[in-house]
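Student: One structure, as structure tokens, below. Some questions next.
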């Protein structure tokens with residue numbers, strides 16, 4: 001179905017042609033002659049604007065739909081209905097207009113800034129949070145030939161911008177002039193930094209095998225079938241499976257989602273670093289978290305799940321961008337599923353999990369990937385790589401996490 | 001983005017590359033000035049972060065993408081966090097008046113101002129001399145393309161030509177990490 | 001199945017997934033989806049649930065069958081003093097045994113049922129309606145006599161046990177009153193008969209006062 005596949009690019013080309021035609025018509029009507037550099041510059045500007053508007057529109061709509069679908073799916077998993085009333089002009093529409101109601105509520109709430117808060121930093125924190133989050137999805141390949149910006153070190157760009165999130169969390173927590181906010185911000189930053197390491201190491205594992213840091217190159221390295229029936233997606237290899245799981249858990253932790261939502265859980269330290277934010281600023285933090293979640297899921301799809309490629313050639317009639325967003329939707333669904341299943345981690349459990357299990361496993365995955373690659377991707381490579389990831393996992397899992405620990409020596413300071 | 005830079009540089013303004021340099025440079029100077037002159041230490045740290053970000057943008061604008069992104073990742077992500085944690089976890093900004101070796105407050109202030117100015121002049125002089133007398137200042141300006149500094153070339157250089165310093169740095173960092181963990185560990189009650 | 005590290009999480013996810021799929025297909029199961037969709041489905045309240053008072057009337061006409069006699073006991077006994085009663089007067093100004101104004105302020109009423117317990121005439125009872133909200137802050141939350149009067153059939157429908165008890169009590173009282181009236185009537189008749197007999201006896205016991213007639 002070539003028409004559907006080319007639909008986004010064809011739309012963009014149509015708009016550019018329209019702009020060119022309208023400008024040419026105006027100039028011929030008014031009789032002025034533009035210098036030779038104006039039209040290309042204008043077309044470049046319009047092309048950039050189309051890409052920006054399309055990205056922001058798509059991600060805002062996905063954010064809105066995600067917020068209502070998350071509530072409905074969580075509800076169904078907990079044996080209750082989700083929001084099912086907000087509709088449009090008397091049609092209930094199964095509550096799908098709930099984001100509109102939520103948006104209106106957030107916009108019309110009073111914006112309270114505490115008196116002792118540092119006004120400039122308090123104002124800038126949501127901006128520093130949302131600006132990198134909105135730039136993150138710009139390097140992902142959404143379809144064949146549909147990368148908004150083609151960067152040769154795109155993966156590195158992604159993680160560099162993720163660092164902005166940590167800065168924003170600190171600014172939010174410290175500027176609220178509230179010791180619980182500061183504590184919440186410290187815990188949030190500790191969590192983010194600890195989980196960033198396995199995240200980056202998993203991406204490095206993929207970069208090792210694919211030989212490039214460019215997202216397009218990584219997607220193309222996952223084309224074709226191996227052994228005749230298995231798609232070459234990295235998730236279907238032993239080291240890739242482990243790295244995908246590590247990346248997924250790191251993605252849950254980076255976007256502060258359950259079970260890692262200690263920084264912003266409702267029963268922990270009020271709302272942690274977000275306590276003193278109300279109204280639109282809170283909505284912006286919320287939006288930045290969700291858009292960041294989509295971006296990092298998109299990166300997971302690119303790195304491990306084959307990007308925009310269909311698993312088998314006969315499924316190619318579904319357009320490539322449909323495959324990308326379908327995989328992204330599936331990952332978002334699993335994130336909601338995990339949220340419905342697991343209780344929240346305690347801060348020390350979180351730290352132990354990151355440093356004692358995930359980091360050694362990511363190194364094991366690196367060694368396993370190198371073994372698999374340099375023994376020529378054959379059966380020997382598969383066997384060795386399964387051993388190299390499996391044994392540390394069982395050892396670490398058994399000895400660190402499934403045995404009953406004796407309580408450590410606690411010092412009670414003020415009890416008699 | 002390089003496409004955009006090329007289009008922009010073919011504009012009739014031949015100040016375009018300098019203009020692309022001036023804006024991050026201005027932010028860097030503002031950030032540095034803020035870092036030394038503001039009263040609140042956290043504000044100083046945040047202005048320093050602005051300087052780091054502007055430096056990263058400068059690297060990217062010059063075509064050194066890898067270095068630019070690593071600058072953002074390492075400096076803004078890690079070093080800034082380190083500075084902020086250090087400010088928060090230490091009782092900052094309290095200078096004990098009794099530590100002053102000179103009896104009069106104005107004399108110590110004047111002496112520290114003179115000392116600071118001398119150090120600043122020394123550093124500035126060294127920097128300017130090394131920039132103006134270096135071979136890069138005389139070389140022709142080459143057009144910027146994506147192929148001049150890809151990550152692969154840097155990786156190859158690191159692992160083939162400068163392997164020993166790389167491994168030495170790795171050992172040093174590991175030792176520092178272990179040392180920090182040991183220092184931070186509580187002593188067991190015997 | 002082997003218990004490898006991480007198997008607990010997978011088992012939990014299977015349970016959650018089963019819940020989700022079951023909630024679409026298996027609605028009849030007792031533990032699924034017990035949410036009541038409120039404005040379309042009202043909850044079934046237990047029999048003795050109560051919210052605000054109402055006045056009971058017998059028969060068809062509210063004003064004529066009203067049981068309340070404006071004795072003002074409930075007004076005095078109400079702890080937050082939310083009842084206001086004014087007794088009715090007829091054309092000549094004589095007090096009637098019915099209220100002209102009977103107002104309850106439901107923003108004050110706490111539903112304690114003391115008015116019900118203290119009413120000697122079984123005329124005020126507790127209703128169970130809960131949709132009494134209004135957009136006006138004070139005026140519409142004062143309920144007047146016309147809104148308060150509801151028939152005995154309504155009371156029987158919301159609270160059959162207590163209604164049956166009340167009806168039985170009223171019936172018993174009526175029977176007792178009728179029996180007492182009958183006894184009183186008999187007593188009066190007996191007294192009147194006794195008085196008549198006494199009068200007749202007195203009349204018979206009086207000596208004849210008329211003169212003797214000559215014999216031939």
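The values are calculated or read from the model by the stated rules, or taken from the named source; none is laboratory data. All values derive from a computational prediction rather than experimental measurement. With ideal geometry, Cβ positions are generated from the backbone for all residues, glycine too; neighbour counts draw on all protein chains shown.
Student: Scan region A:68-79 for residues that are in contact (Cβ under 8 Å) with a residue 60 or more places away in the chain and within 10 Å of residue A:96 (Cα to Cα) and report the count. Full working, then the answer.
Tutor: Of the residues in region A:68-79, the ones in contact (Cβ under 8 Å) with a residue 60 or more places away in the chain are A:69-70, A:73-74, A:77-78.
Then keep just the ones that are within 10 Å of residue A:96 (Cα to Cα); that gives A:69.
Residues meeting the conditions: 1.
Student: Let me ask you something else. Please go through region C:146-156 and pick out each residue that is more than 12 Å from the chain's Cα centre (by Cα) and within 20 Å of residue C:50 (Cβ to Cβ). Before the answer, list the steps.
Tutor: Residues of region C:146-156 more than 12 Å from the chain's Cα centre (by Cα): C:146-147.
The one that is more than 12 Å from the chain's Cα centre (by Cα) and within 20 Å of residue C:50 (Cβ to Cβ): C:147.
Student: Do you know which residues across region A:74-84 are facing chain C (nearest Cβ under 9 Å), surrounded by fewer than 19 Cβ atoms within 10 Å (Cβ to Cβ) and closer than 12 Å to residue C:23 by Cα? Before you say what the answer is, go through the steps one by one.
Tutor: First pass over region A:74-84, keeping only residues facing chain C (nearest Cβ under 9 Å): A:75-81, A:84.
Adding the requirement that they be surrounded by fewer than 19 Cβ atoms within 10 Å (Cβ to Cβ) leaves A:78-81, A:84.
A:78, A:79, A:80, A:81, listed by residue number.
Student: State whether one or more residues within region A:75-84 are modelled with pLDDT under 90 and at positive phi.
Tutor: yes
Student: Going through A:57, A:64 one at a time, which residue ends up being exposed (fewer than 15 other Cβ atoms within 10 Å of the Cβ) and not assigned by TED's automatic domain parsing to the domain that holds residue A:342?
Tutor: Numbers: A:64 fails: exposed (fewer than 15 other Cβ atoms within 10 Å of the Cβ).
Within the list A:57, A:64, the selection yields A:57.
Student: Which one of these does residue A:326 not meet: (1) away from every other protein chain (no Cβ under 14 Å); (2) farther than 30 Å from residue A:67 by Cα; (3) loosely packed, with under 15 Cβ neighbours inside 10 Å?
Tutor: Looking at each condition in turn, residue A:326 falls short on (2).
Student: So, in region A:380-407, how many residues would count as being loosely packed, with under 15 Cβ neighbours inside 10 Å and modelled with pLDDT of 85 or more? Spell out how you get there, then give the answer.
Tutor: So the first thing to find is which residues in region A:380-407 are loosely packed, with under 15 Cβ neighbours inside 10 Å, and the list is A:380, A:383, A:387, A:391, A:394-395, A:398-399, A:402-407.
Filter once more, keeping what is modelled with pLDDT of 85 or more: A:380, A:383, A:387, A:391, A:394-395.
The total comes to 6.
Student: Given the residues B:82, B:89, B:50, which is the only one that is within 12 Å of chain A (Cβ to nearest Cβ), surrounded by 16 or more Cβ atoms within 10 Å (Cβ to Cβ) and either more than 22 Å from residue A:160 (Cβ to Cβ) or without any contact (Cβ under 8 Å) to a residue 60 or more places away in the chain (or both)?
Tutor: Working: B:82 fails: surrounded by 16 or more Cβ atoms within 10 Å (Cβ to Cβ); B:89 fails: surrounded by 16 or more Cβ atoms within 10 Å (Cβ to Cβ).
Result of the check over B:82, B:89, B:50: B:50.
Student: Do you know which residues across region B:150-170 are out of contact with any helix residue (DSSP H, G or I) (no Cβ under 8 Å at 6 or more places or on another chain), surrounded by 10 or more Cβ atoms within 10 Å (Cβ to Cβ) and assigned to a helix (DSSP H, G or I)? Step through it out loud before you land on a result.
Tutor: The initial filter retains those residues of region B:150-170 that are out of contact with any helix residue (DSSP H, G or I) (no Cβ under 8 Å at 6 or more places or on another chain), namely B:152-153, B:155-157, B:160-165, B:167-170.
Then keep just the ones that are surrounded by 10 or more Cβ atoms within 10 Å (Cβ to Cβ); that gives B:152-153, B:155-157, B:161-163, B:165, B:167-170.
Scanning region B:150-170 gives B:152, B:153, B:155, B:156, B:157, B:163, B:165, B:167, B:168, B:169, B:170.
Student: Against the conditions (1) surrounded by fewer than 14 Cβ atoms within 10 Å (Cβ to Cβ); (2) without any contact (Cβ under 8 Å) to a residue 24 or more places away in the chain, where does residue A:111 fall short? Just the number, please.
Tutor: Every condition holds for residue A:111 apart from (2).
Student: May I ask you to list the residues in region C:114-157 that are touching a residue at least 60 places away in the same chain (Cβ under 8 Å) and in a loop (DSSP other than H, G, I, E, B)?
Tutor: C:122, C:123, C:127, C:128, C:129, C:130, C:132 - these are the residues of region C:114-157 that are touching a residue at least 60 places away in the same chain (Cβ under 8 Å) and in a loop (DSSP other than H, G, I, E, B).
Student: Now for a different question. How many residues are assigned to a helix (DSSP H, G or I) and more than 9 Å from chain A (Cβ to nearest Cβ) when one looks only at region B:61-75? Steps first, answer last, please.
Tutor: Quick first cut of region B:61-75, residues assigned to a helix (DSSP H, G or I) only: B:61, B:65-75.
Now narrow it down to the ones that are more than 9 Å from chain A (Cβ to nearest Cβ): B:61, B:67.
Residues meeting the conditions: 2.
Student: Continuing with this model, one more query. I'd like to know if region A:171-181 contains one or more residues that are in contact with a helix residue (DSSP H, G or I) (Cβ under 8 Å, 6 or more places away or on another chain) and under 20 Å from residue B:54 (Cα atoms). Break it down into steps so the answer makes sense when it comes.
Tutor: Of the residues in region A:171-181, the ones in contact with a helix residue (DSSP H, G or I) (Cβ under 8 Å, 6 or more places away or on another chain) are A:171-176, A:180-181.
The next check asks that each one be under 20 Å from residue B:54 (Cα atoms); those that pass are A:171.
Yes, the conditions are met somewhere in region A:171-181.
Student: Let me ask something additional. Going through A:357, A:305 one at a time, which residue ends up being in contact (Cβ under 8 Å) with a residue 60 or more places away in the chain and in contact with a helix residue (DSSP H, G or I) (Cβ under 6 Å, 6 or more places away or on another chain)? Even if it seems obvious, please write down each step before you answer.
Tutor: Values: A:357 fails: in contact (Cβ under 8 Å) with a residue 60 or more places away in the chain.
After ruling out the rest, the residue left standing is A:305.
Student: Could you tell me whether region A:237-247 includes any residue that is within 17 Å of the chain's Cα centre (by Cα), surrounded by 20 or more Cβ atoms within 10 Å (Cβ to Cβ) and farther than 30 Å from residue A:125 by Cβ?
Tutor: Filtering region A:237-247 for residues within 17 Å of the chain's Cα centre (by Cα) gives A:243-247.
Adding the requirement that they be surrounded by 20 or more Cβ atoms within 10 Å (Cβ to Cβ) leaves A:243-244, A:246-247.
The next check asks that each one be farther than 30 Å from residue A:125 by Cβ; those that pass are A:243-244.
For region A:237-247, residues within 17 Å of the chain's Cα centre (by Cα), surrounded by 20 or more Cβ atoms within 10 Å (Cβ to Cβ) and farther than 30 Å from residue A:125 by Cβ: present.
Student: A further question follows. Take the conditions touching a helix residue (DSSP H, G or I) at 6+ places or on another chain (Cβ under 9 Å), loosely packed, with under 15 Cβ neighbours inside 10 Å, touching a residue at least 40 places away in the same chain (Cβ under 8 Å) and not in a helix (DSSP H, G or I) and apply them to residue A:363. Does it pass?
Tutor: Details: touching a helix residue (DSSP H, G or I) at 6+ places or on another chain (Cβ under 9 Å): yes; loosely packed, with under 15 Cβ neighbours inside 10 Å: yes; touching a residue at least 40 places away in the same chain (Cβ under 8 Å): yes; not in a helix (DSSP H, G or I): no.
For residue A:363, the condition - touching a helix residue (DSSP H, G or I) at 6+ places or on another chain (Cβ under 9 Å), loosely packed, with under 15 Cβ neighbours inside 10 Å, touching a residue at least 40 places away in the same chain (Cβ under 8 Å) and not in a helix (DSSP H, G or I) - is not met.
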